[in-house]
Amino acid sequence: MKPLITAAGGAVAVAGCVAGLLYLGPAAESPAATAPAAAAPAGGAPAAEALGTARKRTKAYPRDPVGWALLARAEIEQARTTLDAARLEAADHALRRSVALDSTRNYDAVVGRGQLANARHLFTQGREHGLRATRMAPDRPDGYSVLADAEIQLGHYPAARAAAQRLLDLAPGSAAYSRAAYDLETNGRPPDAGIALERAVDSASTTGERAFAQTRLGDLAWSQGDADRAAKHYRYALDSEPEYPYAVAGTARVLAARGEPDKALDMYERLTERTPLPQFLLETVELRASMSEPGDSGPGGAEAALTAQVRLSRADGGPVDPHLALFAADHGDPAVAVELMRREWKHTRGVVTADALAWALHRDGHSGEALEYARRAAATGWDNALFHYHRGAIERALGLPGARRHLREALERNPHFSPYHAVRAKELTRK
């Protein structure tokens, strides 16, 4: 089995799709038209074609540091498309060659190292490279994309917004609008996030960018309980990239909500065979757990894969995918979930990390401490059904009067937010 980018949001970070803005500005053409050629992200060609071109360049000009840096960035883009972490190792190798040839003013290598660090969820390192790149070349956009991605994952939201705004000012294209959308959604502005994502679609210069932006539009519609609109955008994404994994997962989610769990489960199982990301595996486990007769393949596959990934995550000491902690909290050992998320909290303090830590603490019997993190998860105003559910359940355990309101908000936002937890949210509102 090929190694995958496993940390939550890994594809997002690699894609450079985070952060957001106060001022979107006018719609514009692709950033490729305005960004300096040396800084353009692997050109406008599909990822595989751009990777082939970059490889040819390094063979023709093996002592060109820019060529090696661009090869690294093409490898990272390929990792984003395929979720194949082996491409990140190839990117690391190319960056080492680039730096060996020019270790002083090598802007492209600095950006590449930042992108690589973010893709590996080493966001503190990503931030350092992003800051260095923006100091080296304040009017080139790519350093700001690295910086915005790192800052938002670290929970530095004002700094992330500033970096994303600067990126949008310099290169108002698909990557910048996607970052804007994430920031706007995180800060409780879903209509504006939708506008930004529509612009991301319009300015996409590759099928991968288009699939990503359409999938994010689908996710946004799904988060608002609009399954039909979500399905439409997932279909558009798959028209661009037929196997795009996040669009496949979104389609499975919609099928389950429409009362076709068998079809949804089949789609999830085929997806997780080739792309066993924790998010997809957890959704498979929870769909199966919600079904009265979940087919003949037994509970093993996805649950066993997640159990193994939890064990590896405990052993390696690296970044933790919050989906692993959510799995451990609900379907494994909650104490392990707390251990993992406390470790992650030392490095990343975004709202997703706060929510996962809150839920792990609650499931491990520490609801009082959990409430502190649930409140942190709500600090940006993100109207997230799962966050509402977690906080409602925590407050209910503490006997607080606002518990039912949060549970109802979760169901009002998206009655199908989880095939496993939505049922429990309804039960808790009736008690």
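The values are calculated or read from the model by the stated rules, or taken from the named source; none is laboratory data. The shown structure was predicted, so the numbers you read here are calculated from the model rather than taken from an experiment. Every residue, glycine among them, receives a Cβ derived from its backbone with ideal geometry; neighbour counts consider all protein chains shown. Note: accessible area is taken over every heavy atom of the protein model, side chains too, but ligands, DNA and RNA are not part of it. Shrake-Rupley method; radii C 1.70, N 1.55, O 1.52, S 1.80 Å.
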Q. To the nearest 10 degrees, how steep is helix 278-290 against the longest Cα principal axis of the chain, on a 0 to 90 scale?
A. 20
**Q.** Geometric extent, Cα atoms of the stretch 108-236 - Rg, Dmax (angstrom)
**A.** 14.7, 46
Q) Among the aspartates and glutamates, which fall within straight-line cross-link reach of LYS56, defined as a Cα-Cα distance under 15 Å, with same-chain neighbours fewer than 8 residues apart omitted? A) ASP64, GLU75
Q.
Between 0 and 90 degrees, rounded to the nearest ten: what's the tilt of helix 351-363 against the longest Cα principal axis of the chain?
A. 30
**Q.** Protection-proxy order for peptides 78-86, 252-260, each taking the mean of Cβ atoms within 10 Å per residue, highest first
**A.** 78-86, 252-260
Q.
Give me the three principal axis extents of the stretch 103-166 from the C-alpha atoms, as integers in angstrom, largest value leading.
A. 30, 25, 12
(Q) Pairwise over distinct Cα atoms, reciprocal of the mean inverse distance: report the Kirkwood radius of the chain in Å, one decimal place. (A) 21.7
Q: Using Cα pairs closer than 8 Å and at least 6 residues apart in sequence, work out the relative contact order for the chain, in percent.
A: 14
Q) Among the lysines, which fall within straight-line cross-link reach of LYS263, defined as a Cα-Cα distance under 25 Å, with same-chain neighbours fewer than 8 residues apart omitted? A) LYS232, LYS426
Q | TRP382 long-range amide H proximity, modeled H, under 5 Å | A | GLY188
Q: At q = 0.12, 0.26 Å⁻¹, work out log10 I(q)/I(0) for the stretch 172-237 with the Debye formula, treating every Cα as an identical point scatterer and leaving solvent out; two decimals please.
A: -0.24, -1.06
**Q.** Å³ per residue enclosed by the Cα convex hull of the stretch 281-431
**A.** 100
(Q) Can you give me the % of accessible surface on the chain that is carbon or sulfur? Probe 1.4 Å, all protein chains present, nothing else counted. (A) 51
Q.
Residue by residue through the stretch 322-331, what is 3J(HN,Hα) from phi via Karplus (6.51 cos²θ - 1.76 cosθ + 1.60, θ = phi - 60°)? Round to whole Hz and write x for glycine and proline.
A. x, 5, 5, 5, 5, 5, 4, 5, 9, 10
Q: Per DSSP H run of n ≥ 4, the term is -39500 (n - 2.57); total these for the chain, divide by its residue number, and report the mean residue ellipticity at 222 nm rounded to 500 deg cm²/dmol.
A: -22500 deg cm²/dmol
Q.
Can you tell me the orientation of helix 421-430 relative to the chain, as the angle in degrees between its alpha-carbon axis and the longest Cα principal axis, to the nearest 10?
A. 40
Q) Please identify the trypsin sites (Lys or Arg not before Pro) of the stretch 344-382 that satisfy two criteria: DSSP loop assignment and at most 11 other Cβ atoms within 10 Å. Which are they? A) LYS346
